[in-house]
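Reviewing the structure listed below.
The values are calculated or read from the model by the stated rules, or taken from the named source; none is laboratory data. Everything numeric here is computed off the predicted structure, so don't read it as measured data. Here Cβ is always computed from backbone atoms with ideal geometry, including for glycine, and neighbour counts include all displayed protein chains.
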Amino acid sequence: MTEIERLSFDVVVIGAGGAGLRAAIEARLHGKRTAVVCKSLFGKAHTVMAEGGAAAAMGNVNPRDNWKVHFQDTMRGGKFLNHWRMAELHAKEAPDRIWELETYGALFDRTPDGKISQRNFGGHQYPRLAHVGDRTGLELIRTLQQKVVALQQEDDANPDSDGCIEVYAECTITEILLDEIGRVAGAFGYRRESGQFVLFQAPAVVLATGGIGKSYKVTSNSWEYTGDGHALALRAGASLVNMEFVQFHPTGMVWPPSVKGILVTESVRGDGGVLLNSEGRRFMFDYVPDVFRSQYAETEEEADRWYDDPDNNRRPPELLPRDEVARAINAEVKAGRGSPHGGVFLDVSTRMPAEVIRRRLPSMYHQFKELADVDITAEPMEVGPTCHYVMGGVDVDPDSTAASVPGLFAAGEVAGGMHGSNRLGGNSLSDLLVFGRRAGAAAAAYHSSVVGDLPQVPESAVAAAVETALAPFATESGENPYALQQELQQVMNDLVGIIRRADELEQALVRLAELKERAKKVSVTGGRRYNPAWHLALDLRNMLLVSECVARAALERKESRGGHTRDDYPDMDPAWRRINLVCSLRGDTVVVEHRPLPAMPVELLRLFDIEELRKYMTEEELAVLESDMTESAIGQSGVEAGAEFGAGRSGSTADGKEGTSR
Amino acid sequence: MSTMRDFRIWRGDETGGALVDYQVEVNEGEVVLDVIHRLQATQAPDLAVRWNCKAGKCGSCSAEINGKPRLMCMTRMSVFAPDETVTVTPLRTFPVIRDLVTDVSYNYEKARQIPAFAPPPDLRPGEYRMMQVDVERSQEFRKCIECFLCQNTCHVTRDHEENKRVFAGPRLFIRAAELDMHPLDTRKDRKEFAQAEQGLGYCNITKCCTEVCPEHIKITDNGIIPMKERVVDRRYDPLVWLGSKIFRRRS
């Protein structure tokens with residue numbers, strides 16, 4: 001039998017971005033023996049690419065901000081399809097998670113009175129994003145990385161302490177293994193450096209693997225984003241929710257071709273940048289949808305005044321949520337008003353002095369200068385939509401992040417529900433911290449609960465995982481995995497992209513089924529040591545499975561909402577708002593089921609104006625709501641109970657579950 | 001517009017290897033990493049290369065291109081003459097794993113030896129107050145993407161494996177400087193630590209590290225020299241020396 005390195009931990013965290021590191025830190029702080037498994041080197045995960053900031057209602061710049069406003073903005077951004085409880089926990093806990101980073105050594109940009117500075121972003125009513133120039137993700141990951149090292153130093157100094165935190169860099173997990181009664185028992189994978197197999201035996205596994213963007217041709221995502229956690233969860237028996245919702249960031253680079261898709265941060269617009277078509281028109285004024293009409297400026301003059309006087313003016317339409325802006329750019333290009341390379345213009349050069357641009361947007365200045373020969377202080381950028389984020393993910397309990405499989409947890413982009421149909425910029429970094437911490441704590445608690453009866457990994461499951469992992473070497477003269485990946489990316493881009501149609505989605509499913517068959521026969525030459533073709537061959541399996549979920553859910557949802565736009569069903573339909581689409585695996589087949597969206601408690605509904613809710617809800621819901629709202633007897637206690645982590649977890653898991661109706 | 005270009009890439013592992021010639025298509029606007037990827041997809045599927053973001057933000061794709069330490073994703077093909085052969089080799093200072101991938105664990109081991117940020121015990125989360133002007137010095141060093149090009153180019157370790165034991169290198173000097181300049185860090189011995197434990201004294205400020213930094217951090221001028229100067233202030237200033245002796249005797 002093949003040699004396998006066997007390791008044993010209390011908690012294993014798969015993924016070493018913001019969510020994974022925060023989860024691992026928390027598990028270790030709970031005294032658990034914790035492993036973090038990173039697909040890349042330690043500190044290189046995709047979080048590093050986040051630019052704009054982390055949204056948290058600290059109220060440092062505008063004291064009117066608070067968690068309730070943040071909650072409202074998040075729900076609006078997600079077109080009211082978010083799991084209300086996740087959005088609530090996120091809004092309440094984000095400030096504490098940001099402040100905590102300062103105790104780890106983070107150095108955010110400051111306000112004049114020395115607090116953490118906050119910047120404007122799409123969909124956020126107040127300046128809310130804690131940031132460091134336009135490299136906030138780097139600060140976040142470095143801070144967490146250094147906190148992990150600090151904890152390791154503590155462990156080195158106290159060899160007798162219970163907990164520990166070990167980092168396994170360049171190690172890819174290919175399978176979650178369950179015990180005989182269906183509990184998580186461990187995770188199996190390989191080390192890139194040696195090609196050797198490794199088995200992590202652990203009762204609690206936290207998925208923090210990020211997203212799926214590498215299934216698309218034009219994407220801001222790095223190579224790691226192959227939907228590993230989504231696929232691992234499915235194969236372990238968990239389900240995914242909201243997979244039809246994929247965020248296309250409105251501003252990716254479009255030229256030169258080799259950099260197409262690389263992100264241009266939303267901060268460019270938050271700090272005053274404007275979108276122009278080939279006629280020089282600020283076209284976003286033409287694309288403000290009815291649901292947002294009252295909150296956005298109608299003239300350029302009002303929009304420009306807003307930067308200095310936000311209390312008396314409405315915000316510029318360039319700062320609409322991302323789905324709106326991406327669709328608008330798409331429509332302008334389609335109408336023949338695009339830029340020479342098929343995008344639109346994003347201009348800061350006429351909006352602020354060169355030296356301010358270089359200070360506030362240093363990475364963008366650098367990126368365009370080096371990669372496109374464009375000086376953004378002197379000329380506009382060309383930008384267009386790029387696949388950026390998947391709202392869908394593992395279906396979890398909001399309070400504990402637990403999936404339906406005992407011992408499996410998920411946090412960050414790989415988890416679903418928090419962002420509904422569309423994520424607001426800045427809500428990802430705070431999501432990672434809030435739910436990363438909750439996942440680490442819940443995984444630790446779960447370990448304590450099973451410590452007397454630890455699950456054992458069946459040897460047959462290990463043998464099967466080995467066989468699957470070695471299959472590409474066993475096939476002779478099969479297909480090249482790179483060619484297959486390129487075909488997959490083209491299919492997803494062309495047929496399951498920003499604008500979708502039933503016939504194209506059906507065609508995509510046929511193509512994906514073909515690719516799935518062909519992927520079983522890819523072959524790889526060379527050895528197991530750092531062999532990228534082998535890595536890709538194994539990743540392809542995950543990419544194909546997750547792509548199928550996206551396409552199937554997209555075909556099923558017959559409306560347009562957030563990150564899901566149907567040409568054949570262009571309107572938002574209140575009846576569909578009440579439905580979550582849930583993907584699971586039966587044998588080899590992806591099954592999509594309808595499930596009612598958990599209902600928001602009336603205390604939270606009261607935060608919104610009834611006129612606004614009218615735009616999203618069915619007549620039936622509104623009737624119930626109107627009668628509820630008149631019953632003043634309903635207390636606020638449910639909302640307040642969630643304010644504290646400890647109280648919230650035990651107290652409100654029940655209502656979370658009730659609403660989820662799993 | 002595409003052309004065929006000549007590439008020479010080091011292929012091999014710790015037992016040895018050689019430069020291998022390839023002819024490969026190159027298109028307008030491409031960077032070296034694009035060409036490496038095309039080679040993988042067409043001619044050399046198992047060509048080992050480390051990369052992540054392809055946007056100059058993660059610092060994974062460091063290599064030596066025509067002898068210069070650079071990020072492959074930020075090196076545009078247009079910087080080479082049309083008939084110039086592009087030679088790509090792994091970072092020389094670190095042991096080769098395979099092809100262009102090296103074992104950079106030395107850097108992580110050195111990072112683990114630096115005492116962590118020591119937060120002020122009397123401040124709770126949310127109570128930290130720092131002025132922008134005071135955090136900017138440390139923020140410059142926190143731009144570091146840990147590409148380790150500075151570590152690779154530093155002549156103290158580049159051809160002197162024996163120095164790795166006692167020398168932490170420029171990346172870790174600016175980590176020390178960053179903590180030293182952090183307005184709220186409570187440790188007061190960061191400079192002394194850099195001198196005694198990190199081998200700061202081995203650096204003779206030739207600025208090679210600064211030259212290769214893709215983030216344009218002024219490693220030598222803003223990080224290493226201030227650390228050295230203040231170490232000198234404390235260790236060799238006769239008045240400080242006398243004061244410390246008197247103080248010690250009295251106590």
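Conditions (1) under 22 Å from A:I98 (Cβ atoms); (2) surrounded by 15 or more Cβ atoms within 10 Å (Cβ to Cβ); (3) at pLDDT 95 or above, marked per residue:
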| residue | (1), (2), (3) |
| --- | --- |
| B:N107 | no, yes, yes |
| B:K110 | no, yes, yes |
| B:P119 | yes, yes, yes |
| B:R124 | yes, no, yes |
| B:F141 | yes, yes, yes |
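Here A:E487, A:E467, A:E517, A:E506 are screened, and the one residue that is closer than 28 Å to A:A185 by Cβ and of a type outside the set (G, A, S) is A:E467. Here B:P125, B:P119 are screened, and the one residue that is touching a Ser or Thr at 6+ places or on another chain (Cβ under 6 Å), in contact (Cβ under 8 Å) with a residue 60 or more places away in the chain and within 8 Å of chain A (Cβ to nearest Cβ) is B:P119. For the stretch A:515-533, the criterion of being surrounded by 22 or more Cβ atoms within 10 Å (Cβ to Cβ), without any contact (Cβ under 8 Å) to a residue 24 or more places away in the chain, assigned to a helix (DSSP H, G or I) and not basic (K, R) is satisfied by at least one residue.
In the stretch A:55-112, which residues are assigned to a loop (DSSP other than H, G, I, E, B), facing chain B (nearest Cβ under 10 Å) and either basic (K, R) or without any contact (Cβ under 8 Å) to a residue 40 or more places away in the chain (or both)? Residues satisfying the conditions are A:A106, A:L107, A:F108, A:D109, A:P112.
Within the stretch A:34-47, the presence of a residue that is touching an Asp or Glu at 6+ places or on another chain (Cβ under 6 Å) and within 30 Å of A:Y616 (Cβ to Cβ) is excluded.
When restricted to residues that are in a strand (DSSP E or B), within 14 Å of another protein chain (Cβ to nearest Cβ) and over 26 Å from the mean Cα position of the chain (by Cα), the stretch B:6-37 contains 5. Of note, A:S449 does not satisfy the criterion of being surrounded by fewer than 16 Cβ atoms within 10 Å (Cβ to Cβ) and within 14 Å of chain B (Cβ to nearest Cβ). Residues that are touching a Phe, Trp or Tyr at 6+ places or on another chain (Cβ under 8 Å), buried (at least 22 other Cβ atoms within 10 Å of the Cβ) and outside any helix (DSSP H, G or I) do occur in the stretch A:343-350. In the stretch A:113-126, of all residues being surrounded by fewer than 24 Cβ atoms within 10 Å (Cβ to Cβ) and within 14 Å of chain B (Cβ to nearest Cβ), the one that is farthest from the chain's Cα centre (by Cα) corresponds to A:D113. The residues in the stretch B:128-145 that are aliphatic (A, V, I, L, M) and without any contact (Cβ under 8 Å) to a residue 40 or more places away in the chain can be counted, and the count is 1. For the subset of the stretch A:479-504 comprising residues that are acidic (D, E) and within 14 Å of chain B (Cβ to nearest Cβ), which member is surrounded by the fewest Cβ atoms within 10 Å (Cβ to Cβ)? Only one residue fits best here, namely A:E487. Tell me yes or no: at least one residue of the stretch B:97-109 is touching a residue at least 12 places away in the same chain (Cβ under 8 Å), acidic (D, E) and over 25 Å from B:L179 (Cβ atoms). Yes, some residue in the stretch B:97-109 is touching a residue at least 12 places away in the same chain (Cβ under 8 Å), acidic (D, E) and over 25 Å from B:L179 (Cβ atoms). Output the residues belonging to the stretch B:65-82 that are without any contact (Cβ under 8 Å) to a residue 60 or more places away in the chain, more than 8 Å from chain A (Cβ to nearest Cβ) and assigned to a strand (DSSP E or B). Result: B:I65, single match.
Does A:R293 satisfy being among the charged types (D, E, K, R) and buried (at least 16 other Cβ atoms within 10 Å of the Cβ)? No; evaluated as a whole, the condition is false for this residue. Taking the criterion of being surrounded by fewer than 23 Cβ atoms within 10 Å (Cβ to Cβ) and assigned to a loop (DSSP other than H, G, I, E, B), the residues of the stretch A:534-559 that qualify are A:K558, A:E559.
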